[in-house]
Amino acid sequence: MNFFAYRDGTLRAEEVPLPQIAAAHGTPCYIYSRAALEDAFAAYQRALAGRDALVCYAVKANSNLAILNLFARLGAGFDVLSGGELARVIAAGGDPAKVIFSGVGKSEADLRQAIEAGVHCLNVESPAELDRVNAVAGMLGKRAPISLRVNPDVDPKTHPYISTGLRSNKFGVAYDEALPLYRRARDLPNLDITGIACHIGSQLLDPAPAAEAAAKVALLADALAAEGISLKHMDLGGGKGIRYRDEDAPDAAAYLAPLLAALDGRREKLVFEPGRSLVGNAGVLLTRIEYLKHGEEKNFAIVDAAMNDLLRPALYDAWHDIRPVRQRAVDEDIYEVVGPVCESGDFLGHARSLAVEAGDLLAIMSAGAYGMVMSSNYNTRPRAAEVVVDGNQVRLVRERERIEQLFAGERVLP
Ligand code: LLP
């Protein structure tokens, strides 16, 4: 299904022409399609039908309360990385008992908050963290449910900045160290060993490495069972890639099939932590061309969104499709699509062929994941508004920031 399509030469989100959103809410503006979000979640549910499984949406991909609330209503659990993300989940009506708490650097405050809220599991990533979890649980007079996040050392074949399952990464416990560390965990008084976890990377287009990781994790689970440590769940992380340009991205069923095959016949509940694949293609960033500038070597389309709004191109050289909102009968030109920020790295797209004029709107596609959440206030730029389109309705789900908010917490010296 295509939730962002042209009708009569104008790009729409579901039933709503994008110029209508620009007129009502201004630019830059993140636009999400409710139907696209629901469709992406339903694809996971269908693929997992008949299995004891829980889809824990990775909040880091897009943490707007409206989106969290929508997934909570569909029955999702959540994967969080900070006390802040946990607070968002609870504020959005998510069930803490379905929350997985991940991350290499959980603070004592994070752990206290997570244990008090009664999360489903803390995914522990080091021996030192194991001790800290045990100590914090002891202080609270509770037992903390834990998994070890194991590093299966498989190459996910993705961008080096987003691959996490290799021996050289900072993430997880080395495969060979997992067994002794589980034994240690068993001897700590305030821990309940409930599962095992892995996550090998993001934007994976080939499910084979993830299936290989799942098989390795299953071997460990068997070794643990042989020692009397039986696990209730196996958390296979997130990572399914999406199409940004022309990638052959598998759908949820195709991606999960080899993983499920590797885990066939197992009793443990399966947990997945998809982020990008639930929200990435459900969102676009709407921006307006401020100026067209015809330089000596290159043409520039200078737009009102910048790297502070969407960092992925600047940070990873990521490619996002850029579409004119109105199809025009003017000649195409090749443009560098750049923002107003004072950095040469502030670009949204290189060498794009566009038939546009100054004042036109552009849609930066596939911006629903790791877009708004990675935005900043660099150059004292207020963060964009966010809206959700539902059929012919547009709902503002986050107001555009106001300049005064940006320095409201600052003080001058006496
Ligand atoms: N679980 C864990 C433990 C993770 O670290 C991540 C993502 C996920 C789940 C969700 O992965 P996904 O399904 O979204 O691939 N900012 C980068 C992506 C960073 C991913 C970090 N971890 C980007 O814009 O491409």
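Let me confirm something: among Gly265, Gly275, which residue is under 28 Å from Ala208 (Cβ atoms) and touching a Ser or Thr at 6+ places or on another chain (Cβ under 8 Å)?
Numbers: Gly265 fails: touching a Ser or Thr at 6+ places or on another chain (Cβ under 8 Å).
Matching residue, one of Gly265, Gly275: Gly275.
Is there any pair linking a residue in segment 354-373 that is without any contact (Cβ under 8 Å) to a residue 60 or more places away in the chain to one that is open to solvent by less than 20 Å² (accessible area, probe 1.4 Å), with Cβ under 8 Å and at least six apart or on different chains, and which?
Leu354/Ala301; Leu354/Ile322; Leu354/Tyr335; Leu354/Val337; Leu354/Leu362
Condition first: within 22 Å of the chain's Cα centre (by Cα), open to solvent by less than 40 Å² (accessible area, probe 1.4 Å) and of a type in the set (Asp, Glu). Now tell me which residues in segment 251-302 satisfy that.
Glu273
Which residues, counting only those in segment 116-129, are crowded, with 22+ Cβ neighbours inside 10 Å and of a type outside the set (Asp, Glu)?
Our first condition is that a residue be crowded, with 22+ Cβ neighbours inside 10 Å; within segment 116-129, this holds for 119-125.
Within segment 116-129, Val119, His120, Cys121, Leu122, Asn123, Val124 meet the criteria.
Kindly provide the set of residues from segment 325-359 that are over 18 Å from Ala306 (Cβ atoms) and either assigned to a strand (DSSP E or B) or in contact with a Cys (Cβ under 9 Å, 6 or more places away or on another chain) (or both), ordered by number.
Hits for segment 325-359 are Arg326, Asp333, Ile334, Ala351, Ser353.
If I filter segment 297-306 for residues that are at pLDDT below 95, in the same structural domain as Ala363 (by TED's automatic domain parsing) and of a type outside the set (Val, Ile, Thr), do I get at least one hit?
The first filter runs over segment 297-306 and keeps only residues at pLDDT below 95, leaving 297.
This time we only want the ones that are in the same structural domain as Ala363 (by TED's automatic domain parsing), so: 297.
Filter again for of a type outside the set (Val, Ile, Thr), leaving 297.
Yes, segment 297-306 contains a residue that is at pLDDT below 95, in the same structural domain as Ala363 (by TED's automatic domain parsing) and of a type outside the set (Val, Ile, Thr).
May I ask you to list the residues in segment 103-115 that are β-branched (Val, Ile, Thr) and either open to solvent by 30 Å² or more (accessible area, probe 1.4 Å) or within 16 Å of the ligand (Cβ to nearest atom) (or both)?
Residues of segment 103-115 that are β-branched (Val, Ile, Thr), as a first pass: 104, 115.
Matches in segment 103-115: Val104 only.
Is it the case that Leu362 is out of contact with any Phe, Trp or Tyr (no Cβ under 6 Å at 6 or more places or on another chain), surrounded by 20 or more Cβ atoms within 10 Å (Cβ to Cβ) and in a strand (DSSP E or B)?
Considered against the rule, which asks whether it is out of contact with any Phe, Trp or Tyr (no Cβ under 6 Å at 6 or more places or on another chain), surrounded by 20 or more Cβ atoms within 10 Å (Cβ to Cβ) and in a strand (DSSP E or B), Leu362 comes out as yes.
Select from segment 303-352 the residues that are within 16 Å of the ligand (Cβ to nearest atom), farther than 20 Å from Asn62 by Cα and open to solvent by less than 10 Å² (accessible area, probe 1.4 Å) and list them in ascending order.
Gly349
Quick one: is Ile289 in contact with a strand residue (DSSP E or B) (Cβ under 7 Å, 6 or more places away or on another chain) and under 25 Å from Gly371 (Cα atoms)?
On the way: in contact with a strand residue (DSSP E or B) (Cβ under 7 Å, 6 or more places away or on another chain): yes; under 25 Å from Gly371 (Cα atoms): yes.
The answer is yes for Ile289.
Scan segment 378-411 for residues that are assigned to a strand (DSSP E or B) and of a type outside the set (Asp, Glu) and report the count. Explain how you work it out, then say what you get.
To start, the set of residues in segment 378-411 that are assigned to a strand (DSSP E or B) comprises 385-390, 393-398.
Checking the rest, the ones that are also of a type outside the set (Asp, Glu) come to 385, 387-389, 393-398.
Number of matching residues: 10.
It is to be established whether one or more residues within segment 215-236 are touching a residue at least 24 places away in the same chain (Cβ under 8 Å), within 16 Å of the ligand (Cβ to nearest atom) and open to solvent by 10 Å² or more (accessible area, probe 1.4 Å).
Just the residues of segment 215-236 that are touching a residue at least 24 places away in the same chain (Cβ under 8 Å), to begin with: 215-218, 220-221, 223-224, 227, 229, 231-236.
With the extra rule that they be within 16 Å of the ligand (Cβ to nearest atom), the set shrinks to 217, 233-236.
Checking which are open to solvent by 10 Å² or more (accessible area, probe 1.4 Å) leaves us with 236.
Within segment 215-236, one or more residues are touching a residue at least 24 places away in the same chain (Cβ under 8 Å), within 16 Å of the ligand (Cβ to nearest atom) and open to solvent by 10 Å² or more (accessible area, probe 1.4 Å).
Being within 16 Å of the ligand (Cβ to nearest atom) and touching a residue at least 12 places away in the same chain (Cβ under 8 Å), is that true of even one residue in segment 256-267?
yes
Determine if segment 185-203 includes at least one residue that is more than 15 Å from the ligand (Cβ to nearest atom), at pLDDT 95 or above and touching a Leu at 6+ places or on another chain (Cβ under 6 Å). So that I can check it myself, show each step before the final result.
Let us first name the residues in segment 185-203 that are more than 15 Å from the ligand (Cβ to nearest atom), namely 185-194.
Now narrow it down to the ones that are at pLDDT 95 or above: 185-194.
Among the residues that remain, those that are also touching a Leu at 6+ places or on another chain (Cβ under 6 Å) are: 185.
The answer is yes, given that some residue of segment 185-203 is more than 15 Å from the ligand (Cβ to nearest atom), at pLDDT 95 or above and touching a Leu at 6+ places or on another chain (Cβ under 6 Å).
Looking at (1) under 28 Å from the mean Cα position of the chain (by Cα); (2) more than 22 Å from Ala23 (Cβ to Cβ); (3) without any contact (Cβ under 8 Å) to a residue 24 or more places away in the chain, which one does Asn379 not meet, given that it meets all the others?
Asn379 satisfies all of (1) under 28 Å from the mean Cα position of the chain (by Cα); (2) more than 22 Å from Ala23 (Cβ to Cβ); (3) without any contact (Cβ under 8 Å) to a residue 24 or more places away in the chain except (3).
The values are calculated or read from the model by the stated rules, or taken from the named source; none is laboratory data. Since we're looking at a predicted model, the values are computed, not measured. With ideal geometry, Cβ positions are generated from the backbone for all residues, glycine too; neighbour counts draw on all protein chains shown. Keep in mind that these areas ignore ligands, DNA and RNA; they rest on the heavy atoms of the full protein, side chains included. Shrake-Rupley method; radii C 1.70, N 1.55, O 1.52, S 1.80 Å.
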